[in-house]
Amino acid sequence: MRTLDIAAGCLVLTALLAYLNHRLVRLPMTIGVMVIALVISLAMLGLNALGLDHGLRQHAESFLRSIDFSDVLMEGMLSLLLFAGALHVDLHALGRYRWQVAVLALAGTLLSTLAVGYGIWLALPWVGVPLALPYCLLFGALISPTDPVAVMGILKSAGAPPSLELVIAGESLFNDGVGVVIFVLFLGMLASGSAPTAVGAGTLLLREAGGGIAFGWVLGYLTFRLLKSIDHYKIEVLLTLAAVMGGYALAHHLHVSGPLAMVVCGLMIGNRGRALAMSDVTRRYVDMFWELVDEILNAVLFVLIGMEVLLIAFTAPLLLAGGVAIAVTLAARWLTVGLPVVLCGPLFALPRGAGRVLTWGGLRGGISVALALSLPIGHARETVLALTYCVVVFSILVQGLSIGRVVRMAVGNGPP
């Protein structure tokens, strides 16, 4: 299937589902289109089981298999979504919580990876779905980072206090880069059959994460200088788009973290660039352009997540294992993020109830699914993919739709 046909199909389907959601369902757009896509997918599965679908499921599966979800997200959408998300984060305010964000993004992600990995390894045999420890650790690495796409989209309507929203958003923007590095380490361990050395792991983290941050700063500064030298909103919007697309591609060739580079570049352009290099007209058009990009790509991504269920061979044991994975992931999130915030409340300087909000607000999304799809073909990959899908769907539908209520209850009552 041609790339143009695939892109047209995704956009047409997303537009129709967004229209249905606006007229009938009236959920937040990203969640609404995913719910409708998921319902349609489940209906196809039901009709197929009854022999009444007349090949509809086969056509849908063929269309989905023509889309490399991992490549589309990791190499296409992610750079645009991360830049758009970082563009409106107040860097001065984020600086006041820099060590909190760093602790959650670095230590929290690493500890959660180990907690989820070993927890799943111990729990799955009890439901008849054993999984080798390396694959359990890979699952821990891909599911531990909170997805900035899901978090940034849903936090807008959650009503969290500004400081708490800032920390959750900052953590989600940075911990996916850390999670990808940890995932690459464990994937290398699986391929070589030996554990990575501390020196090798540290070198990879420094090159990928440190290099990505440094490259993002340089890219952001150069773009800022270009923006400051002219006053033409069309060219300035084009410059920001070129910085994202070209910068992400160059980061890949330099073997540094493209996601972290886009976050840092977005922070620079969204703060120093907006304040010192843009006129009011340019600022308005840049904001409108990236808001539209963010909304459209988010909607397309969540439709694809809803449709991916057609490609996963669920069985009763796998569904039960998915429930176990949800419980383990939430428990690990509480142990590695929620509990430390509760025990060290004055140090984190966050509102009361922050531990519960951080635990429940740790949403997972398309990045986890994309990493799961990048695993080597085999039975273990199918198991990891099914577990990932269960956690992601639960995270977006249950946690995403209830996070506002959790915020009101937690911040309004009780200790952190």
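The table below gives the values:
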| item | result |
| --- | --- |
| Yes/no for residue 249 being under 24 Å from residue 366 (Cα atoms), assigned to a helix (DSSP H, G or I) and free of Cβ contacts under 8 Å to residues at least 60 places away in the same chain | yes |
| Residues (in a loop (DSSP other than H, G, I, E, B) and touching a residue at least 40 places away in the same chain (Cβ under 8 Å)) located in region 291-342 | 312, 313, 314 |
| Filter pass, residue 221 being hydroxyl-bearing (Ser, Thr, Tyr), touching a residue at least 40 places away in the same chain (Cβ under 8 Å), within 27 Å of residue 381 (Cβ to Cβ) and outside any loop (DSSP other than H, G, I, E, B) | no |
| Filter pass, residue 268 being hydrophobic (A, V, I, L, M, F, W, C), surrounded by 16 or more Cβ atoms within 10 Å (Cβ to Cβ) and farther than 30 Å from residue 43 by Cβ | yes |
| Inter-residue pairs, beta-carbon under 6 Å, first free of Cβ contacts under 8 Å to residues at least 12 places away in the same chain and in region 20-44, second assigned to a helix (DSSP H, G or I), 6+ apart | 25/32 |
| Selection status of residue 196, surrounded by fewer than 22 Cβ atoms within 10 Å (Cβ to Cβ), at pLDDT below 80 and under 30 Å from residue 346 (Cα atoms) | no |
| Condition check for residue 243: within 18 Å of residue 219 (Cβ to Cβ) and either hydrophobic (A, V, I, L, M, F, W, C) or within 21 Å of the chain's Cα centre (by Cα) (or both) | yes |
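Condition check ((1) buried (at least 24 other Cβ atoms within 10 Å of the Cβ); (2) among the small types (Gly, Ala, Ser); (3) closer than 16 Å to residue 108 by Cβ) across all residues:
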| site | (1), (2), (3) |
| --- | --- |
| 315 | no, no, no |
| 322 | no, yes, no |
| 326 | no, no, no |
| 335 | no, no, yes |
| 351 | no, no, no |
| 364 | yes, no, yes |
| 369 | yes, no, no |
| 377 | no, no, no |
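A quick yes/no check of all residues on (1) modelled with pLDDT of 90 or more; (2) farther than 30 Å from residue 340 by Cα; (3) among the acidic types (Asp, Glu):
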position: 34; (1), (2), (3): yes, yes, no
position: 37; (1), (2), (3): yes, yes, no
position: 58; (1), (2), (3): no, yes, no
position: 91; (1), (2), (3): no, no, no
position: 102; (1), (2), (3): no, no, no
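The values are calculated or read from the model by the stated rules, or taken from the named source; none is laboratory data. The structure presented is a predicted model; accordingly, all values stated were derived computationally and were not measured. Backbone-built Cβ (ideal geometry, glycine too); neighbour counts: all protein chains shown.
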